[in-house]
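The values are calculated or read from the model by the stated rules, or taken from the named source; none is laboratory data. Computed from a predicted structure; not experimentally measured. Using ideal geometry, Cβ is built from the backbone for each residue, glycine included, and neighbour counts are taken over all protein chains shown.
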Amino acid sequence: NAGVTQTPKFQVLKTGQSMTLQCAQDMNHNSMYWYRQDPGMGLRLIYYSASEGTTDKGEVPNGYNVSRLNKREFSLRLESAAPSQTSVYFCASSPQGWNTGELFFGEGSRLTVL
Amino acid sequence: KQEVTQIPAALSVPEGENLVLNCSFTDSAIYNLQWFRQDPGKGLTSLLLIQSSQREQTSGRLNASLDKSSGRSTLYIAASQPGDSATYLCAVSHMYSGGGADGLTFGKGTHLIIQP
């Protein structure tokens, strides 16, 4: 009964370091998303994958890359981390096409960039 | 661009009261609207999803209504309990001209505290 699983839950990076956030869902959902949540800014879409094999930019894609490895997994990569990327990152999935159905979220990954 | 506003930003009420949380949106061309709950340090949990053709949805003590013409949705919580304390967010999926779903816009949430 895992749902959407994100790793790691916490990470501290130095400016310029790189890292990958992993996300996996076991609900056979078609669409997957990466959001960031910042105080006063709400949730903002970074990238999404409407179906296996496709990825598209969201509202705030700069500084990030994604890979839809297979139907289950959708990873988010920071190539050269900046303090402005300090945030809580959420992966989500939905069963149908993008934004047409209920969204299921992971527990979040809390990233601090020093 | 769709804007979603939730008022009030914070609300504190005694246990047992019925309460209403508000969500307003600027563009009535929506595909659906969802209400979520977020506990501190946790992810979002979907509570109710209302399609654009629906007027309301109910789940237990929760009832969400949708009035597209006025750009408003309300989440009604009956007989509130301390366990209902959380941040409640609404999110609106925009409908593009072809009739499908487009971007999802979140409100900033209402932080609800239920006093025992």
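So which of A:Ala50, A:Ala81 ends up being over 22 Å from B:Ala91 (Cβ atoms), over 13 Å from the mean Cα position of the chain (by Cα) and not polar (S, T, N, Q)?
Sole residue among the options that is over 22 Å from B:Ala91 (Cβ atoms), over 13 Å from the mean Cα position of the chain (by Cα) and not polar (S, T, N, Q): A:Ala81.
I'd like the full set of residues that are more than 18 Å from A:Lys9 (Cα to Cα) and buried (at least 16 other Cβ atoms within 10 Å of the Cβ), limited to region A:20-32.
A:His29, A:Asn30, A:Ser31, A:Met32
Out of A:Ser87, A:Ser31, A:Ser67, I need the residue that is of a type in the set (S, T, N, Q) and modelled with pLDDT under 95. Which one?
Just a single option satisfies the conditions, and that option is A:Ser31.
Within the set of pairs 6+ apart or on separate chains, which have a first residue in region B:71-93 that is away from every other protein chain (no Cβ under 14 Å) and in contact (Cβ under 8 Å) with a residue 12 or more places away in the chain, a second that is buried (at least 18 other Cβ atoms within 10 Å of the Cβ) and in a helix (DSSP H, G or I), and C-beta atoms under 9 Å apart?
Pairs that qualify, where the first residue is away from every other protein chain (no Cβ under 14 Å) and in contact (Cβ under 8 Å) with a residue 12 or more places away in the chain and the partner is buried (at least 18 other Cβ atoms within 10 Å of the Cβ) and in a helix (DSSP H, G or I), are B:Ile77/B:Asp84.
Go through A:Glu59, A:Glu52, A:Glu102 for me and flag whichever is more than 10 Å from chain B (Cβ to nearest Cβ), acidic (Asp, Glu) and surrounded by fewer than 18 Cβ atoms within 10 Å (Cβ to Cβ).
Of the residues listed, the single one that is more than 10 Å from chain B (Cβ to nearest Cβ), acidic (Asp, Glu) and surrounded by fewer than 18 Cβ atoms within 10 Å (Cβ to Cβ) is A:Glu52.
Does region A:1-21 hold any residues that are farther than 19 Å from A:Gly63 by Cα and of a type in the set (Lys, Arg), and which are they?
A:Lys9, the sole residue that qualifies.
Can you name the residue in region B:24-47 that is within 14 Å of A:Glu102 (Cα to Cα) and more than 9 Å from chain A (Cβ to nearest Cβ) and is also surrounded by the most Cβ atoms within 10 Å (Cβ to Cβ) among such residues?
Of everything passing the filter in region B:24-47, B:Leu33 is surrounded by the most Cβ atoms within 10 Å (Cβ to Cβ).
Spot the failing condition for B:Ser73; the list is (1) within 12 Å of the chain's Cα centre (by Cα); (2) modelled with pLDDT under 95; (3) not acidic (Asp, Glu), and only one is missed.
(2)
What number goes with the only condition from (1) surrounded by 13 or more Cβ atoms within 10 Å (Cβ to Cβ); (2) closer than 25 Å to B:Leu89 by Cα; (3) more than 11 Å from every other protein chain (Cβ to nearest Cβ) that A:Tyr35 does not pass?
Going through (1) surrounded by 13 or more Cβ atoms within 10 Å (Cβ to Cβ); (2) closer than 25 Å to B:Leu89 by Cα; (3) more than 11 Å from every other protein chain (Cβ to nearest Cβ) one by one, A:Tyr35 breaks only (3).
Would it be correct to say that A:Glu73 is modelled with pLDDT under 95, closer than 27 Å to A:Asp26 by Cβ and away from chain B (no Cβ under 14 Å)?
When the stated conditions are applied, A:Glu73 does not pass them.
Kindly evaluate A:Thr112 against the criterion of being more than 14 Å from chain B (Cβ to nearest Cβ) and either modelled with pLDDT under 95 or crowded, with 21+ Cβ neighbours inside 10 Å (or both).
no
How many residues, within region A:49-100, are in a strand (DSSP E or B), more than 24 Å from A:Phe10 (Cβ to Cβ) and in contact (Cβ under 8 Å) with a residue 12 or more places away in the chain?
3
Would you be able to tell me the number of residues in region B:48-70 that are over 30 Å from A:Thr7 (Cβ atoms), within 14 Å of chain A (Cβ to nearest Cβ) and buried (at least 17 other Cβ atoms within 10 Å of the Cβ)?
3
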